Amino acid sequence: MDRTRIGIIGCGGMARSHALRFAEVLDRIEVAAVVDIEQDKAEAVAAVLDNTPIVETDYQRVFEHIDAALVVLPHHLHHEVTLACLRAGKHVMVEKPMANSEAECIEMIAEAQERGLVLMVAYCMRYHPLVVKMKELIEHKVYGEVFQLSIWTEQLTRYVKGHWAHSATTLGGGQFFSHGCHYIDLMLWMMGRPVRGNHYGTNLCTPWMEKEGTSNATIEFESGALGYHFGTWGAQGSRLGYAFHAHCERGMLEIDLAQGKLMAHTRAEEHEAGKLVSHQREEILMEAKNAKHTELEMAHFVDCIETGVTPLTDSIGSLEGLQVIWKLYEAEERHEMADLRGLGLGTWALGD
C-alpha cells in the first residue's frame, strides 16, 4: 500500500512536537512537505525528520505533493487554510480549537462532507490510554455511578509581547477557549448531555492575556452529575498539575498525568479492637508513564483516511463542544447561568 503523504502547515512549537511523534505510523506515512511563512522554522522541523521533505513558505505550493495536511497554525487561520486544503482535495487534521466561530466551523464541515474528505480535530487527550481507561470504568459503572468529574490543568503559559495567543481576536477567546476546549470535550464525552452551567474567568496575574488567563467552569449533566474544570496559564507553582478526579458511589478514580498513573481510592473496612475503623485504600489500575497519545491520534487519522471511518474526534463533535463554551461565555457576560439544554455530543446536524 502506498504511504499517505502528509504536509505539516505551520512550524511553531506544536508542529515540531508533532514531527517528533510519527513513530507509530512511519511505515504508513511520509512527511512530504513542511510549510511556514518563516522559512527557518520550516527548515528546523524538516531537520528532525528522517526523510527530506519539501520546504515551502506558501502552503498552496505543496498541494500536488501531499494527500493530507496537518494544520498547526494560529487559531484565526484554521478556517481559511483548512478550507483551501479541502478544496484542493486534501484530508485535514486541524489543531484544536477547530475555528473561532460557529459559522467558520459549519463551512469547514460542509466542505469536507461535500468532498468526502476526512476532517479531524486534534483533541489528543481522547487518545491518551489513561483517559480512555477512565472513560471505560465510568461507562461500565465499575465503581458505581459517577457524580462528580473534576479536571485541573495548572501551567505557566506566557509568550513574547505581541504574540497572537495573547489576543482575544486571534486566539478566539481566552485560556478557556484555547485550552479548556480539550476538557469540555472530555467532560461531554464521559458524562453525556449538559443541562446548565457557568463560567468565570479572570486575567488577574495573567495581564498578558487580553481575555481570561484563569478559568473556572461548572456543568450539570442530565444524569444529575456535575463536572468542573479549573485551568490557568498563570501557575507559578502547582500541586495538582494535570489531574482528573472522578467521584463515584464506591470510590474515586484519579489520573495523575505527570506520574502516568490511573488510581482508585476506596474505603477498606477493618475491625480493630472491637470497633470498625475505615481506612482509605489506593490501588494503581494502570500505568502509562510515556503515553504516546499524539502518535495514537496520528495513527487514527491515517486509519480514517485509509478506511473512510469517521474520526473519534470529528469536526461535528468539535463544533458541539465549542457551542457549549460559547454559551458559557455568553451567559458569563450577562452574569447569568447558561442554559445548555439541547447541546452536547450528538445534538447537531448540518442544516440546523
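Laid out as a table, the results:
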read-out: Tally of residues being crowded, with 17+ Cβ neighbours inside 10 Å, among the hydroxyl-bearing types (Ser, Thr, Tyr) and part of a loop (DSSP other than H, G, I, E, B) across the stretch 218-230; value: 0
read-out: Unique match (being of a type in the set (Lys, Arg) and at pLDDT below 95) among 327, 289; value: 289
read-out: Residues of the stretch 299-352 satisfying the condition of being farther than 19 Å from residue 223 by Cβ, outside any helix (DSSP H, G or I), within 20 Å of the chain's Cα centre (by Cα) and in contact (Cβ under 8 Å) with a residue 40 or more places away in the chain; value: 311, 312, 313, 314
read-out: The stretch 292-305: number of residues that are at pLDDT 95 or above and surrounded by fewer than 18 Cβ atoms within 10 Å (Cβ to Cβ); value: 1
read-out: Spans of helices (runs of 4 or more DSSP H) in the stretch 143-217 with at least 1 residues in contact with a strand residue (DSSP E or B) (Cβ under 7 Å, 6 or more places away or on another chain) and hydrophobic (A, V, I, L, M, F, W, C); value: 175-178, 180-191
read-out: Verdict on residue 35 being touching a helix residue (DSSP H, G or I) at 6+ places or on another chain (Cβ under 7 Å), more than 17 Å from residue 294 (Cα to Cα) and assigned by TED's automatic domain parsing to the domain that holds residue 115; value: yes
read-out: Test for residue 64: is it farther than 30 Å from residue 225 by Cα and either touching a helix residue (DSSP H, G or I) at 6+ places or on another chain (Cβ under 9 Å) or among the hydroxyl-bearing types (Ser, Thr, Tyr) (or both); value: no
read-out: Count of residues meeting criterion [of a type in the set (Phe, Trp, Tyr), without any contact (Cβ under 8 Å) to a residue 60 or more places away in the chain and buried (at least 24 other Cβ atoms within 10 Å of the Cβ)] in the stretch 172-217; value: 1
read-out: Subset tally (residues that are basic (Lys, Arg) and more than 21 Å from residue 222 (Cβ to Cβ)) for the stretch 127-147; value: 1
read-out: Residue in the stretch 250-257 that is at pLDDT 95 or above, in the same structural domain as residue 137 (by TED's automatic domain parsing) and on the phi > 0 side of the Ramachandran plot present; value: yes
read-out: Helices (runs of 4 or more DSSP H) contained entirely in the stretch 1-119, each with at least 2 residues that are free of Cβ contacts under 8 Å to residues at least 40 places away in the same chain and surrounded by 20 or more Cβ atoms within 10 Å (Cβ to Cβ); value: 39-47, 78-87
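Yes/no per residue for (1) closer than 18 Å to residue 331 by Cα; (2) in contact with a helix residue (DSSP H, G or I) (Cβ under 8 Å, 6 or more places away or on another chain); (3) not assigned by TED's automatic domain parsing to the domain that holds residue 246:
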{"site": "160", "(1), (2), (3)": "no, no, no"}
{"site": "202", "(1), (2), (3)": "yes, no, no"}
{"site": "207", "(1), (2), (3)": "no, no, no"}
{"site": "210", "(1), (2), (3)": "no, yes, no"}
{"site": "224", "(1), (2), (3)": "no, no, no"}
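The values are calculated or read from the model by the stated rules, or taken from the named source; none is laboratory data. This is a predicted model, so every value here is computed, not measured. Reconstructed Cβ throughout: ideal geometry from the backbone, glycine too, with neighbour counts over all protein chains shown.
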